[in-house]
Amino acid sequence: MADLILALDVKGSAEAVRITNACEGELDAIKIGYPLVLSAGLEIVKELSKAEIPIIADFKVADIPNTNKLICDEVFSAGCFGIITHAFCGHDSLAAIVDSAHDYGGEAYVVCEMSHPGALDFLSGANAEKMAKMAKDAGADGIIAPATRPERTAVLRNIIGNKMKICSPGVGAQGAQPEDVKKYVDAIIVGRAIYESPDPKKAAHDFKIRCL
């Protein structure tokens with residue numbers, strides 16, 4: 001059984017709130033990123049939080065430690081539950097994210113391997129495995145690993161063990177299905193297949209059932 005996370009990559013607060021309200025009761029978390037925050041402002045977190053669904057800031061943070069901490073301060077002060085970060089900036093940059101998240105009682109998730117084809121250029125293989133180990137050593141709460149390549153997600157699961165979470169994107173528009181990866185992961189991330197649906201609640205419900 002895996003949780004269902006909505007990747008809410010829409011623009012504007014009105015659309016974001018509409019989709020969130022439509023999916024009431026079907027989601028375990030909402031992941032917001034730059035498209036929504038740049039168009040609606042970080043205040044959107046408070047609006048979406050009215051639905052009492054945890055919000056994860058998918059900012060894929062990648063900077064020096066001090067800047068990473070400042071980003072975390074803003075994200076968690078706004079009311080987010082979690083943050084997603086890259087690991088390739090090094091162990092000290094990653095530690096700044098994890099430590100800051102935990103200071104706020106939040107969670108930090110580390111991108112190890114992404115779901116799109118271009119991820120194979122750098123974010124795969126030995127690089128991904130090294131970052132998974134780095135995430136584990138840093139005390140991160142989980143990693144991001146692709147539903148589009150379940151065999152790779154299985155490898156990363158073996159590295160981090162069962163105490164850390166895996167959130168897995170690529171289901172829906174990118175072609176993966178919940179059944180491909182749910183035995184390896186704790187949460188499945190779905191975006192366009194829900195928020196572009198004529199009936200987002202039904203789409204979310206259908207994915208939720210398939211995550212069981």
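Here the Karplus relation 6.51 cos²θ - 1.76 cosθ + 1.60, evaluated at θ = phi - 60°, turns the backbone of the range 193-203 into coupling constants of 5, 9, 6, 9, 6, x, 9, x, 5, 5, 4 Hz, with x for every Gly and Pro. Taking only the C-alpha atoms of the range 1-43, Rg followed by Dmax gives 10.7, 34 Å. When you filter the trypsin sites (Lys or Arg not before Pro) in the range 147-212 for DSSP loop state and at most 11 other Cβ atoms inside 10 Å of their Cβ, you are left with Lys163.
Backbone geometry of the range 127-142 corresponds, through the Karplus equation with coefficients 6.51, -1.76 and 1.60 at θ = phi - 60°, to 3J(HN,Hα) couplings of 4, 4, 5, 5, 5, 5, 5, 4, 4, 5, 5, 7, x, 4, 7, x Hz, x marking Gly and Pro.
For the range 126-207, what percent of Cα pairs sit more than 15 Å apart? Could the numbers behind the result be given before it?
Details: 1835 of 3321 pairs.
The calculated P(r) of the range 126-207 puts 55 percent of pairs beyond 15 Å.
Cα convex hull, the range 106-169: 72 Å³ per residue, rounded to a whole number. Annotation for Phe122 and Lys50: the two label points, set 7 Å from Cα along the Cα-Cβ direction, are 4.1 nm apart. What separates the Cα centres of the range 142-164 and the range 10-89 is a distance of 23 Å. Neighbours of Ile53 by Cβ distance under 12 Å: Lys/Arg scored +1, Asp/Glu scored -1, total -4. The modelled label-to-label distance between Asp28 and Ala14, using points 7 Å beyond Cα along the C-beta direction, is 3.4 nm.
Counting only protein heavy atoms and using a 1.4 Å probe, what share of the accessible area of the range 1-138 belongs to carbon plus sulfur, as a whole percent? The partial results should precede the final answer.
Numbers: 3370 of 6260 Å².
Heavy-atom surface of the range 1-138 belonging to carbon and sulfur, 1.4 Å probe: 54 percent.
When only the Cβ of Lys, Arg, Asp and Glu is charged (+1, +1, -1, -1), the dipole of the range 97-202 relative to its Cα centre reaches about 280 debye.
Loop-located trypsin sites (Lys or Arg not before Pro) in the range 21-64 (DSSP state not H, G, I, E or B) with no more than 14 neighbouring Cβ atoms inside 10 Å: Lys50.
Using a Förster distance of 22 Å, how high is the FRET efficiency between Asn66 and His91, based on the Cβ-Cβ distance and rounded to 0.05? Could you put the intermediate results ahead of the total?
Working: r = 15 Å, r/R0 = 0.68.
Step by step, r from the Cβ atoms, then E = 0.90.
If the only charges are +1 at each Lys and Arg Cβ and -1 at each Asp and Glu Cβ, what is the size of the charge dipole of the chain around the Cα centre, to the nearest 20 debye?
On the way: 22 positive and 29 negative charges, 95 e Å.
Dipole magnitude for the chain comes out near 460 debye.
For the chain, what does the helix formula give at 222 nm: sum of -39500 (n - 2.57) over DSSP H segments with n ≥ 4, over the residue count, nearest 500 deg cm²/dmol?
Working: 10 runs with 94 residues, N = 212.
Here the helix-only value at 222 nm equals -12500 deg cm²/dmol.
How much accessible area per residue does the range 29-100 have, in Å², with a 1.4 Å probe? If you can, show how the numbers build up before the last one.
Details: 3090 Å² over 72 residues.
With the other protein chains kept in place, the range 29-100 gives 43 Å² per residue.
For the range 1-63, the Cβ-based charge dipole about the Cα centre amounts to some 180 debye (Lys, Arg positive; Asp, Glu negative; other atoms uncharged).
Kirkwood radius, the chain, all distinct C-alpha pairs, inverse of mean reciprocal distance: 16.9 Å. The phi-based Karplus calculation (6.51 cos²θ - 1.76 cosθ + 1.60; θ = phi - 60°) puts the 3J(HN,Hα) values of the range 14-29 at 4, 5, 4, 5, 4, 5, 4, 5, 5, 9, 3, x, 10, 10, 9, 6 Hz, whole numbers, x for Gly and Pro.
As a ratio to 2.2 N^0.38 Å, the alpha-carbon radius of gyration for the range 1-96 is 1.10. Near the amide H of Lys165, within less than 5 Å, lie the amide hydrogens of Gly142, Ile143, all on another chain or at least 5 residues away, with H placed in the peptide plane.
The values are calculated or read from the model by the stated rules, or taken from the named source; none is laboratory data. Note that the coordinates shown come from a computational prediction; the quantities given were computed from them, not determined experimentally. Positions of Cβ are backbone-derived with ideal geometry, glycine not excepted, and every protein chain shown enters the neighbour counts. Just the protein is used for accessible areas: all its heavy atoms, side chains included, with ligands, DNA and RNA removed. Shrake-Rupley method; radii C 1.70, N 1.55, O 1.52, S 1.80 Å.
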